[in-house]
Amino acid sequence: MSSGFRSSRGRAGSAALIGLALMGVATNLGGCATKPKLPPGAHPTVQVEPPRKSDAWRQLATQADENRLARLDSAWQEALTDANKSFSAEIRKEGALLKPRAALPRPAPTPGSYNCRLIKLGQASPKTRAYESFKPFFCYVEVEGDLLTIVKQTGSQRPAGRLWEDETPDRLIFLGSEDLPLAYGDDPERDMAGVFERIGPFRWRLVIPWPQSTSKLDVFELTPVAEQPKG
């Protein structure tokens with residue numbers, strides 16, 4: 001029996017020693033996890049990801065214009081509902097230009113001169129027309145740094161602005177002013193914000209939701225011209 005007791009005590013002692021050893025390992029591992037050893041002279045750093053290029057326009061846009069762009073779908077719906085009451089034939093004739101889901105891949109336009117025209121949709125007030133199409137004019141797309149700009153070349157009023165990348169790949173964001181030489185942000189009452197999309201071969205559109213004018217949606221059509229106009 002004495003030998004059995006010694007054997008049992010020996011096993012108990014060994015178990016206790018193993019338990020202490022495991023506790024020591026766990027303590028060391030826990031210390032390593034919370035306090036990693038750094039090389040002499042090194043300091044812990046925090047890496048911050050740079051903002052995405054597609055978010056750059058949001059740093060410039062006003063809250064009012066961000067809200068307008070966020071309500072683009074409702075602008076299309078309300079504007080077309082108003083216009084279709086009396087101008088459904090005109091809207092059908094325009095095809096993809098006045099279809100909300102007509103955007104195609106690769107929206108960036110080629111720099112150069114364009115034939116442009118404007119269609120206003122929806123009634124901003126009971127006294128305004130639900131559909132209005134204007135005579136064509138010339139506008140120009142050019143490269144400014146790493147951005148594309150659009151400038152109206154002819155007419156008394158000459159809106160202009162820049163095109164920015166967006167998280168939605170089938171469109172660009174337009175931020176501009178209703179009249180040169182004002183830049184976006186110089187006069188909030190003349191700011192313009194919209195989306196630029198390709199809707200066919202050599203055919204683009206610039207859509208301005210809830211413009212500060214007489215409509216609910218302004219749609220500019222852009223098609224390239226062979227020669228740049230004078231003046």
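The values are calculated or read from the model by the stated rules, or taken from the named source; none is laboratory data. Quantities reported herein were computed from a predicted structural model and do not represent experimental measurements. FYI the Cβ positions are ideal-geometry reconstructions off the backbone, even for glycines, and counts take in every protein chain you see. These accessible areas exclude ligands, DNA and RNA; they are computed on the full protein's heavy atoms, side chains included. Shrake-Rupley method; radii C 1.70, N 1.55, O 1.52, S 1.80 Å.
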For an R0 of 30 angstrom, estimate the FRET efficiency from the Cβ-Cβ distance between GLU189 and GLU142 and round to the nearest 0.05. 0.70
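Please quote Rg/Rh for segment 115-231 to two decimal places, taking the Kirkwood radius as Rh and restricting both calculations to Cα atoms.
When Rh is taken as the Kirkwood radius, the ratio is 0.95.
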At what distance in angstrom do the alpha carbon centres of segment 174-231 and segment 110-150 lie from each other? 4 Å
Just in segment 103-159: which trypsin sites (Lys or Arg not before Pro) are loop by DSSP and have at most 10 other Cβ atoms within 10 Å? LYS127
Calculated diffusion of segment 47-125, Stokes-Einstein form, Kirkwood radius summed over Cα pairs, 20 °C and 1.002 mPa s, µm²/s: 135 µm²/s
Scaled by the rule-of-thumb 2.2 N^0.38 Å, the alpha carbon Rg for segment 99-165 gives a ratio of 1.34
Cα pair distances of segment 148-195 binned at 5 Å [whole percent]: 5, 25, 28, 21, 13, 6, 2
I need two numbers for segment 52-175: Rg to one decimal and Dmax as a whole number, Cα atoms only, in Å. 15.9, 45
Got a sec to turn the phi values of segment 88-93 into Karplus ³J(HN,Hα) couplings, 6.51 cos²θ - 1.76 cosθ + 1.60 with θ = phi - 60°, whole Hz, x for Gly and Pro? 5, 5, 5, 5, 4, 4
Tell me the per residue accessible area of segment 56-189 using a 1.4 Å probe; a whole number in Å² is fine. 55 Å²
Carbon and sulfur atoms account, in whole percent of the 1.4 Å probe accessible area of segment 55-183, for 52 percent
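So for each of 159-172, 96-109 I average, over its residues, the number of other beta carbons within 10 Å; can you give me the resulting order with the highest mean first?
My ranking of the peptides, most packed first, is 159-172, 96-109.
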